[in-house]
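Q: Dropping a structure here in structure tokens format, bear with me for questions.
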Amino acid sequence: MFTKIDHVEIIPHNFERAIGFYTTVLGFKVKERREVDVPPLQEVAFLALGDTILELLRVKDPSLPSLDSWHAGYRMMALEVDDMDKTVEYLAGKGVAITWGPVTLEKSVRAEIKDSEGFPIELRQW
């Protein structure tokens, strides 16, 4: 019946900056981008990373929720990486700080960063 998560939606405060971060820093590709006239929704961008789709929504006057990571709702998405050390080095070169980790767990290495809006993203090397 259910086969996979189709996409994750994020409403960034700064739509263009978010597209730039996900495409330039994390390597997502713009799959589709279109204006929408369904107030307060103004524009939708689908960004692809392999089989993963991120949907960014431009809305009129977005407000930011508390970025406390222990609230009900979005906590973070996780991106799999093939080499944590190289990923950390690459991100540092792009000015993206590791906010937690890397920590070696039983069968993986885990770290966290924040996107251009301050939303957390987990990095996981299996």
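The values are calculated or read from the model by the stated rules, or taken from the named source; none is laboratory data. Since the model is a prediction, treat every value here as computed from it, not as a measurement. With ideal geometry, Cβ positions are generated from the backbone for all residues, glycine too; neighbour counts draw on all protein chains shown.
Q: Tally up the residues in region 99-126 that are in contact with a helix residue (DSSP H, G or I) (Cβ under 6 Å, 6 or more places away or on another chain) and over 16 Å from Tyr22 (Cα atoms), please.
A: Residues in region 99-126 being in contact with a helix residue (DSSP H, G or I) (Cβ under 6 Å, 6 or more places away or on another chain) and over 16 Å from Tyr22 (Cα atoms): 3 in total.
Q: Right, something else. Quick one: in region 105-126, of everything that is touching a strand residue (DSSP E or B) at 6+ places or on another chain (Cβ under 8 Å) and farther than 20 Å from Phe28 by Cβ, which residue is surrounded by the most Cβ atoms within 10 Å (Cβ to Cβ)?
A: Of all residues in region 105-126, those touching a strand residue (DSSP E or B) at 6+ places or on another chain (Cβ under 8 Å) come to 108-115, 117, 119-126.
Then drop every residue that is not farther than 20 Å from Phe28 by Cβ, which leaves 108-110, 126.
Numbers: Ser108: 12, Val109: 19, Arg110: 16, Trp126: 9.
Selected residue: Val109.
Q: If you check Thr24 against the conditions, is it in the same structural domain as Arg110 (by TED's automatic domain parsing), modelled with pLDDT of 95 or more and of a type outside the set (Asp, Glu)?
A: Values: in the same structural domain as Arg110 (by TED's automatic domain parsing): no; modelled with pLDDT of 95 or more: yes; of a type outside the set (Asp, Glu): yes.
Criteria not met by Thr24.
Q: OK, next. Go through (1) in contact (Cβ under 8 Å) with a residue 40 or more places away in the chain; (2) surrounded by 14 or more Cβ atoms within 10 Å (Cβ to Cβ); (3) part of a strand (DSSP E or B) for Val44 and report which single condition fails.
A: Against the list (1) in contact (Cβ under 8 Å) with a residue 40 or more places away in the chain; (2) surrounded by 14 or more Cβ atoms within 10 Å (Cβ to Cβ); (3) part of a strand (DSSP E or B), Val44 comes up short only on (1).
Q: Also, I was wondering about something else. If Lys86 satisfies all but one of (1) surrounded by fewer than 14 Cβ atoms within 10 Å (Cβ to Cβ); (2) part of a loop (DSSP other than H, G, I, E, B), what's the number of the condition it fails?
A: (2)
Q: In region 2-57, how many are of a type in the set (A, V, I, L, M) and more than 14 Å from the chain's Cα centre (by Cα)? Give the steps one after another, and end with the answer.
A: Residues of region 2-57 of a type in the set (A, V, I, L, M): 5, 8, 10-11, 18-19, 25-26, 30, 36, 38, 41, 44-45, 47-49, 53-54, 56-57.
Among the residues that remain, those that are also more than 14 Å from the chain's Cα centre (by Cα) are: 5, 36, 38, 41, 44.
So the count comes out to 5.
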